[in-house]
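Q: Handing you this structure, nothing more for now.
Derivation of every value follows stated rules applied to the coordinates shown; laboratory data play no part. Remember, it's a predicted structure, so these values are computed and weren't measured experimentally. Positions of Cβ are backbone-derived with ideal geometry, glycine not excepted, and every protein chain shown enters the neighbour counts.
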Amino acid sequence: MKKALSIAGLLSVTLGYAQTQDTIKSEKIEAVTVIAKKPTVQSKADRTVFNVENSSILAGNTTWDIVRMTPLVSIDNNDNVKAEGESVTVYINDRKSVFTGKELKEYLKTIPADNLMKIEVITSPSSRYEATGAVINIVLKKRDDEGMKGSISLTNTQNTKNNQYGSLNLNYHKKNFTQTFTGSYSDNVFISKSSNDYSYYANKNRQLIDSETAYKNKNPSFSSTSEFELNDKNNIGLVLEYFRGNNSSDSDSYARFYDDNTFKYFNYQNTLGKNLNNTLGTNLFYKYYDKEKNKILDINLGLNYDSSEGYTDIILKTSNEEDILPEEWKNILASERTLINTYSQNRNYYIKVDYTTPLGKGGTLEVGGKANFNNNVIPNTYQDLIKNTQLNSDFHYTDNINSLYFTYSKTFFEKLETRVGLRYEYINYKISENVGNQGRKDSYGTFLPNLLVKYAFSPNYDLSLTYNHNLWRPWYSEFNPFEVPNNNGIFYRGNMELLPNPSDRVVLKFGLFKKYFISARYMFTDQDYWENYKQETDAEGNLNTIVFPDNFKGKVEKFYLFANTNQNLFKNKLNVNFGIGWYYIDNSDFNRRNNLSQDNNYISYIGGSTNLSYTNLFNKNINLSAWMSVDNQNNGNSVANKYNYFHNFSVTKIFPGAQIETSLQFMNIFKRPSMTTTTYSQIGTFKNFNRWDWYGVSLTFVKRFGNQKVKENTKTDVEKNAGGGK
């Protein structure tokens with residue numbers, strides 16, 4: 001961390017010196033200097049906006065990398081995206097993504113960052129968004145100047161292994177027709193290392209597990225957007241997205257088992273996995289937009305399909321010796337050999353209607369609804385190759401979610417902005433699994449109110465208050481009770497009895513001079529579902545550790561204080577955004593009601609991030625950017641044991657005449673990212689250490705052609721500003 005701070009200090013001195021060398025020569029820097037531009041980070045009443053359209057931070061990165069660098073956002077060791085420590089739903093151009101977890105990561109890595117306009121972290125979403133907590137909306141650029149234009153990008157990254165990434169962006173606009181195409185291909189190898197220490201209260205058993213996994217991914221993808229203006233008020237369009245993942249993994253895991261500090265046995269597990277993933281997303285839309293009357297009708301029809309076909313080959317060997325070298329395991333016969341074949345398929349169909357119209361003087365009404373249908377299947381064939389036995393599992397999940405909502409916004413005497421909204425959702429779902437003839441059928445309805453009030457005391461001072469009631473539902477695969485081995489020697493299964501997680505959030509935000517923001521947040525929930533652990537004896541008498549999601553009753557309260565400032569200095573060439581927060585979590589009732597350890601009753605920690613960018617260093621078309629973050633992830637019954645430090649530095653050289661950019665990027669070169677957590681369960685404590693492969697050096701070349709002028713995505717003042725959007 002000290003090295004990172006030293007580099008930041010050196011960077012500041014260099015930028016200051018560079019400013020003294022700058023002279024105003026518009027004929028040389030016209031292509032890269034922007035006299036007035038949006039701040040990199042905008043803090044609004046209901047969201048934080050990360051404007052990256054003209055930032056040098058985009059070069060050499062994918063959309064996934066930029067999401068990681070977005071203020072208020074963090075990524076846990078399972079690649080789950082979180083905002084302020086809470087689960088989020090990701091939207092792309094206001095359209096909900098079908099991906100989550102590692103699938104979302106791989107998909108966002110196929111979208112070149114060069115295509116990004118901004119990322120919105122909506123911590124107090126309006127009723128138009130579905131029943132979740134925070135929302136991350138990824139907004140892509142829109143080009144509508146005449147003719148063909150685009151870019152080609154090639155990136156080579158060296159971390160533990162060498163990785164390649166390439167993308168092609170094309171845009172064609174002619175009169176009333178616009179066609180956009182994006183294609184990409186990546187060939188990556190990532191190495192993940194972990195250590196686990198599992199301690200059990202009752203029998204004083206202990207497991208020490210060390211594992212290393214190599215993930216190989218070859219991912220082609222493309223997306224196409226066709227839009228045709230029927231006239232000045234009516235548009236139709238079609239969005240097509242395709243993603244293919246040819247993924248494999250090779251994992252070695254070493255586990256020592258102890259009974260009251262006495263060694264029992266030593267296990268070695270090799271896990272080979274191979275999966276072929278295919279995802280196709282479609283969205284047919286119609287939009288009516290009357291600019292004079294500020295009326296909008298937006299209709300969307302969609303079909304999303306994804307599948308995963310592959311196998312997992314697991315070899316388990318056991319030794320009674322405590323110390324045995326890795327190369328000696330090849331002389332030991334396997335005690336178990338398991339082959340798991342799967343071919344899961346997920347189908348999603350939806351129709352969504354949104355209508356916005358003025359209502360009363362200074363008021364706006366937005367109403368809409370959505371019918372959503374899901375049909376998911378996860379079949380598994382579980383073969384014991386030593387005993388020559390086979391078990392077939394067939395898991396089915398279907399649901400229908402229907403929702404209606406309204407949002408009314410009104411501004412009073414040009415100073416008081418208000419927004420009130422209510423969303424109603426009704427879900428009917430059915431779960432079945434043939435092993436054990438298990439099943440569940442249920443339905444329930446939920447009201448989700450939200451409120452926003454913002455008062456501007458003067459142009460330089462404003463105060464806003466937001467309230468949201470949220471509901472987070474389990475992901476369909478978390479219901480699947482079929483037990484499968486993990487790559488680190490333990491087992492995982494879902495839980496059919498999972499319940500949705502309701503929560504409430506209140507945020508008070510004070511803005512000064514449109515540059516300084518102080519916010520206080522209070523969140524609470526009375527029920528949640530997190531990972532739990534248990535030990536079970538199998539048919540051979542082995543004691544196995546099972547990880548599964550479980551319901552936890554009990555109140556959890558979270559208090560946040562956050563301060564943020566965004567500064568444009570040196571004639572808008574240097575942009576500095578700095579944010580820091582204090583987080584306090586009260587788990588006392590949660591721990592007491594679930595018989596958990598009292599060690600994490602009260603958790604207090606600091607977190608924050610800094611984004612720096614400098615445009616046209618020494619008048620040589622050189623852009624610099626830097627990002628640093630301090631994070632501490634605490635989720636439910638899992639507590640972080642140390643802070644995470646991330647940093648990223650990049651230098652971009654622009655050749656305006658040739659429309660070529662080259663960028664050199666350094667990622668976490670002073671300290672590799674890692675995470676250490678302790679999970680508290682009724683049966684013991686489970687310490688996990690994970691080291692990520694997100695570090696190294698990358699070199700990127702970008703060639704652009706055609707007119708690169710970009711305009712803001714078409715939105716009315718109602719869409720931009722209603723409900724505290726200003």
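Q: Tell me, what HN-Hα J-couplings in whole Hz come from the Karplus equation 6.51 cos²θ - 1.76 cosθ + 1.60 at θ = phi - 60° for each residue of the range 439-454, using x for Gly and Pro?
A: x, 7, 9, 7, 7, 6, x, 9, 9, 10, x, 8, 8, 9, 9, 9
Q: Which whole-number percentage describes the relative contact order of the range 570-721, with Cα contacts under 8 Å and a sequence gap of 6 or more?
A: Values: 292 pairs, mean separation 24.6, N = 152.
Relative contact order for the range 570-721 comes out at 16 percent.
Q: Follow-up. For the chain, with the dipole built from +1 on Lys and Arg beta-carbon atoms and -1 on Asp and Glu ones, taken about the Cα centre, which of ILE580, ASN231, VAL139 lies farthest toward the positive end?
A: ASN231
Q: With just the Cα atoms of the range 48-129, tell me how far they stretch along each of the three principal axes, in Å, largest first.
A: 33, 26, 22
Q: Among ASP323, ASP528, ASP259, which comes first, then next, by fewest other beta-carbon atoms within 10 Å? Can you show the working numbers first?
A: Details: ASP323 9, ASP528 22, ASP259 14.
In order of increasing Cβ crowding within 10 Å: ASP323, ASP259, ASP528.
Q: Show me the three semi-axes of the equivalent ellipsoid for the range 359-413, from the C-alpha gyration tensor (sqrt of 5 times each eigenvalue), largest first, rounded to whole Å. Before the final figure, lay out the partial values.
A: Details: eigenvalues 600, 24, 4 Å².
Semi-axes (√(5λ), whole Å): 55, 11, 5.
Q: Something else about it: Where does the range 229-385 land on Rg(C-alpha)/(2.2 N^0.38 Å)?
A: Details: Rg = 27.6 Å, N = 157, 2.2 N^0.38 = 15.0 Å.
The value comes to 1.84.
Q: Take the Cα atoms of the range 385-465, find their three principal axes, and give me the spread along each one in whole Å, biggest first.
A: 78, 29, 12
Q: At q = 0.12 Å⁻¹, what is the log10 ratio I(q)/I(0) for the range 265-332, with the Debye formula run over Cα points and no solvent?
A: Log10 of I(q)/I(0), two decimals: -0.61.
Q: State the three equivalent ellipsoid semi-axes of the range 557-677, derived from the C-alpha gyration tensor as the square roots of 5 times its eigenvalues, in descending order and whole Å. The partial results should precede the final answer.
A: Details: eigenvalues 339, 53, 16 Å².
For the range 557-677, the semi-axes come out at 41, 16, 9 Å.
Q: Could you estimate the translational diffusion coefficient of the range 196-293 from the Stokes-Einstein equation, with Rh from the Kirkwood formula over C-alpha pairs, at 10 °C and 1.306 mPa s, in whole µm²/s? Mind showing how you got there, number by number?
A: On the way: Rh = 18.8 Å.
Value of D from the Cα-based Kirkwood radius: 85 µm²/s.
Q: Exposure proxy check: PHE491, PHE618 ranked by fewest other beta carbons within 10 Å?
A: On the way: PHE491 15, PHE618 12.
By the 10 Å Cβ count, ascending: PHE618, PHE491.
Q: Taking every alpha carbon pair in the range 449-544, what does the distance histogram look like in 10 angstrom bins from 0, in percent?
A: 12, 27, 20, 16, 14, 8, 2, 0
Q: Within the P(r) computed for the chain, what percentage of the Cα pairs occupies the region above 33 Å?
A: Details: 140326 of 263175 pairs.
Of all Cα-Cα distances in the chain, 53 percent exceed 33 Å.
Q: Mind checking the alpha-carbon convex hull of the range 489-579 and giving the volume per residue in Å³?
A: Measuring per residue, one finds 162 Å³ for the Cα hull of the range 489-579.
Q: Okay, moving on. Kirkwood Rh over Cα pairs of the range 206-252 into Stokes-Einstein at 25 °C, 0.890 mPa s: D in µm²/s? Write out the running numbers ahead of the final one.
A: On the way: Rh = 15.1 Å.
It diffuses with D of about 163 µm²/s by this estimate.
Q: Using the Cα centre of the range 359-514 as the reference point, and only Cβ charges (+1 on K/R, -1 on D/E), how large is the resulting charge dipole? Debye, rounded to the nearest 20. Walk me through the intermediate numbers first.
A: Numbers: 16 positive and 14 negative charges, 138 e Å.
Value, rounded to 20: 660 debye.
Q: Then there's this: What is the pair-distance distribution P(r) of the range 578-639, computed from all Cα-Cα distances in 5 Å bins starting at 0, with each bin given as a whole percent?
A: Percent of Cα pairs in each bin: 4, 14, 18, 12, 11, 9, 8, 6, 6, 4, 4, 2, 1.
Q: Among SER393, SER432, which comes first, second and so on when ranked by fewest other beta-carbon atoms within 10 Å? Please report the intermediate quantities before stating the final value.
A: Numbers: SER393 20, SER432 15.
With the fewest neighbours first, SER393, SER432 line up as SER432, SER393.
Q: Same structure, new question: Quick one: in the range 85-211, what % of C-alpha pairs are over 26 Å apart?
A: Working: 3818 of 8001 pairs.
The share of Cα pairs beyond 26 Å in the range 85-211 comes to 48 percent.
Q: So what is the relative contact order of the range 405-485, in percent, for Cα pairs below 8 Å that sit 6 or more residues apart? The partial results should precede the final answer.
A: Values: 124 pairs, mean separation 20.2, N = 81.
The normalised contact order for the range 405-485 reaches 25 percent.
Q: If you don't mind, another one. Given an 8 Å cut-off on Cα distances and at least 6 residues of separation, report the relative contact order of the chain as a percent.
A: Values: 1997 pairs, mean separation 93.2, N = 726.
Once normalised by length, the contact order is 13 percent.
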